[in-house]
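Asks: Below is the structure I would like to discuss, written out as structure tokens.
Nothing in this text is a laboratory measurement; each read-out follows from the coordinates by a stated rule. No experiment lies behind these values; they were computed from the predicted model shown. For neighbour counting, all protein chains shown are included, and Cβ atoms are generated from backbone atoms with ideal geometry for every residue, glycine included.
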Amino acid sequence: MKSKEKSNVYKGIAAAPGIAIKPAYLFKKDIEIINNESIADIEEAISSFNEALEKSKNELAKVFSLAVDKLGEKRAALFEAQIMILDDPILIEKIVSRIAEEKMNPEFIVNDEISKYQDLMISSHEPYMKERSQDIEDIKNRIIRNIRKKKWKSRITEEVIVVSESLTPADTVLFSRMKVAGYITNFGGLTSHAAIVARSLDVPAVVGVHDATENIDDDDILIIDGFNGIVIVNPTEEQLNEYKDKLEKLHQLDKELAKLKDKKAITKDGKVINIFANLDLSEELEIIIQNGAEGIGLMRTEQIFQEYESFPSEEQQTKVYTEFAEKLYPLPLTIRAFDIGGDKVLPVDVQEPNPMLGWRGIRFLLDNKELFRSQIRAVLRASKHKNVKFMIPMISSFSEIIRANEIIRECKSELTEEKIIFDNQIEIGIMIEVPSAALLIKDFAAEVDFFSIGTNDLIQYMLAVDRGNDIVNSQYQEFHPAIIRTLDFIIKEANKAGTRVTLCGEMAADFRAIPLLVGLGLDSISVSGAVIPYAKSIIRNLDYSQINEFVADCLKCKTEHEIHEKVNKFYFSNFGDSSHEFYSN
Ligand code: PEP
Ligand code: MG
């Protein structure tokens, strides 16, 4: 950015493209410092506590009614339970009497008293109780904020840019139902799930802006530039005009791209690339269909846990998958088996020292066979119109495929016996996202119908770099020579074996990577819904016959830097179109 020296410009990782100019909303989960001073006026302290209590109840009632509309009764019940705690006469009396007796600041007493409840829950052996202790934390913080007369800014009706230390996927999901114009976080990497969800919902995001929450106050006017990973706080007139101009151009570009909806992604010399969509949340289906996806290449099913707060039953899953398959019909729906663990949810009470290398994906499923079977049966039951495929994550060895296939076969025979209709020819695929799987691709090809390359994890495991850790973000290199050569190997081996191969990692959403991926021989990719029009426009401007030399050059490079330069040069010299003016390098 040309104005780097200006102190109101902060740099982070460009996690989801787009530009927004909106006020800041600081999303703080914890109250760090509790005021433990004694007080002189007991009456005033008690009335301040009572006021804060009333205010908290009103706020929660508002959140509850919104939650019922947006999230459904089941998830909204959480907020109702919080209101009930605020109505608990024993707790309230205890707090009031302690304020009077101990003459301590009410926020100190509230913190101390409610923390006791919390400690009890944390020490429980019930995972459910442990989880609920986080809700108690929310209640505690809400009352304390209100005692401090800080308005609890659940400003769910205004458009804001959320600024937070970090965001869990659940936070992002919740915000996605509100009017959020952008996300800025202190921590998190490009393929952290909050970033993926932001991209899917077409909301700009900049992550890894280390001191964002310290340097941004509520209601500061922010410019978020998700193309370049830039955040501008309280912009000058000049900065504001520059970005208003860019925003206007972006709207124009979006209108232009919308015209591609029903057009194919076909290169100038006639090679057709199929573009599928990744789906994380049910809300995205509309954007995906609107943007002309040719189906869903990756449905992450872990989101269902957030809907049901526990393992969903076979019936519940059948309902969800059938609804998606029917809405998409005749387009295909690729359902991925639960990728539980790692950076995603693990709804069981296990603390792993190294979750990324732990009980994750297929490993967890094979150890929890009943859960796996309930999902397989549900997927099969949803396949009756023959537009469903099933995909297994985190395969690292041959025996996992054999065991998974065996369970799938068992489920098929059960359904046949039960006279339930399903697609007996349903395609079964695996994710190629662990280096060992990449090497064994030839052997795997005989056992599966398709491969889908998961670059988010493949890069993480090949380069030994945590995908969600911004500290090592510069080492998370999608253009690392080992990555490019491995992709080349996987695609060639799969083609030789005659097994279809696609790529559903976030690399396919990087506009500059698309020519290289197409040149490596992929004939389909799966990307976030919002990216589809951009991807189409790039492919439609490509000359397939001219990419060969560029790809061969990239495969010879010894460093990421060299490949990066070649990729940038190719992109900027071939796509002098309007999308490139939003990128500053
Ligand atoms: C991947 O690893 O590239 C992928 C698509 O799966 P996820 O991001 O859900 O781990
Ligand atoms: Mg993965």
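Asks: Which of the residue pairs 22/261; 412/492; 492/556; 255/536 have a Cα-Cα distance greater than 25 Å in the structure shown?
Replies: Numbers: 22/261 29 Å; 412/492 32 Å; 492/556 16 Å; 255/536 14 Å.
Those over the limit are 22/261; 412/492.
Asks: Turning to a different aspect of this structure: If the label point is 7 Å along Cα→Cβ of residue 218, which residues in region 18-60 have backbone nitrogen under 16 Å from it?
Replies: Under cut-off, by backbone N: 23-33, 52-53, 55-60.
Asks: Just to be sure I understand the model, the point goes 7 Å from the Cα along the line to the Cβ. What's the resulting residue 384 to residue 248 distance in nm?
Replies: For residue 384 paired with residue 248, the spin-label model returns 5.5 nm.
Asks: Which number comes out as Rg/Rh for the chain once both Rg and the Kirkwood Rh are worked out on C-alpha atoms?
Replies: Working: Rg = 25.6 Å, Rh = 25.7 Å.
In the chain, Rg relative to Rh is 1.00.
Asks: When the helix-only estimate is applied to the chain (DSSP H runs of n ≥ 4, each -39,500 (n - 2.57), divided by the residue count), what is the mean residue ellipticity at 222 nm, nearest 500 deg cm²/dmol?
Replies: Numbers: 23 runs with 284 residues, N = 585.
My calculation for the chain gives -15000 deg cm²/dmol from helical runs alone.
Asks: For residue 573 and residue 500, what does the FRET efficiency come to when R0 = 41 Å and r is the distance between their Cβ atoms, rounded to the nearest 0.05? Mind dumping the intermediate values first?
Replies: Details: r = 32 Å, r/R0 = 0.77.
That pair, residue 573 with residue 500, gives E of 0.80.
Asks: Please go through the residue pairs 389/442; 268/327; 263/566; 327/389; 268/569 and name each one whose alpha carbons sit more than 24 Å apart in this structure. Please list the in-between numbers first.
Replies: Values: 389/442 21 Å; 268/327 32 Å; 263/566 29 Å; 327/389 15 Å; 268/569 20 Å.
Beyond 24 Å between Cα atoms: 268/327; 263/566.
Asks: Region 471-521: D in µm²/s via Stokes-Einstein (Kirkwood Rh, Cα pairs, 20 °C, 1.002 mPa s)? Mind showing how you got there, number by number?
Replies: Working: Rh = 11.9 Å.
For the chosen part, D equals 180 µm²/s.
Asks: R0 = 56 Å: FRET efficiency of residue 159 with residue 443, Cβ-based, nearest 0.05?
Replies: Working: r = 52 Å, r/R0 = 0.93.
After rounding to 0.05, the efficiency reads 0.60.
Asks: So for region 260-583, taking the charge dipole from beta-carbon charges (+1 Lys/Arg, -1 Asp/Glu), which of 538, 465, 342 sits furthest toward the positive end?
Replies: Looking along the dipole axis, the top candidate is 538.
Asks: Still on this structure: Cα centroids of region 225-293 and region 478-549: how far apart, whole angstrom?
Replies: Taking the Cα centre of each part, region 225-293 and region 478-549 sit 19 Å apart.
Asks: Additional query: Suppose R0 equals 25 Å; then what is the FRET efficiency for residue 289 and residue 255 from their Cβ-Cβ distance, rounded to the nearest 0.05? Walk me through the intermediate numbers first.
Replies: On the way: r = 18 Å, r/R0 = 0.74.
Given R0 = 25 Å and the Cβ-Cβ separation, E is 0.85.
Asks: For region 260-583, take every pair of Cα atoms, bin their distances at 10 Å starting from 0, and report each bin as a whole percent.
Replies: 6, 26, 35, 24, 8, 1, 0
Asks: Over the Cα atoms of region 442-512, Rg to Rh with Kirkwood Rh, two decimal places?
Replies: Working: Rg = 13.2 Å, Rh = 13.0 Å.
Over the Cα atoms of region 442-512, Rg/Rh equals 1.01.
Asks: Only four residue types carry charge here, +1 at the Cβ of Lys and Arg and -1 at the Cβ of Asp and Glu. Report the dipole size of the chain about the Cα centre in Debye, rounded to the nearest 20.
Replies: On the way: 72 positive and 95 negative charges, 395 e Å.
Its charge dipole is roughly 1900 debye.
Asks: Just the Kirkwood number for region 315-404, please: inverse of mean 1/r across all distinct Cα pairs, in Å, one decimal. The partial results should precede the final answer.
Replies: Values: mean 1/r = 0.0714 Å⁻¹.
One over the average 1/r among Cα pairs gives 14.0 Å for region 315-404.
Asks: Stretch residue 35-residue 558 to full length: gain in nm at 0.36 nm per residue minus the Cα-Cα span? Write out the running numbers ahead of the final one.
Replies: Values: separation 523, 0.36 × 523 = 188.28 nm, distance 5.72 nm.
That works out to 182.6 nm of additional length.
Asks: What percentage of all Cα-Cα pairs in region 395-494 are separated by more than 21 Å?
Replies: I get 45 percent for the Cα pairs in region 395-494 exceeding 21 Å.
Asks: Now for a separate question. With unit charges on the beta carbons (Lys and Arg positive, Asp and Glu negative) and the dipole taken about the Cα centre of the chain, which residue among 396, 82, 487 sits farthest to the positive side?
Replies: Going by the Cα projections, it comes out as 487.
Asks: Using Cα pairs under 8 angstrom and six or more residues apart, how large is the relative contact order of the chain, in percent?
Replies: It rounds to 15 percent for the chain.
Asks: Same structure again: How far is helix 369-381 tilted off the main Cα axis of the chain, in degrees rounded to 10, range 0 to 90?
Replies: 60
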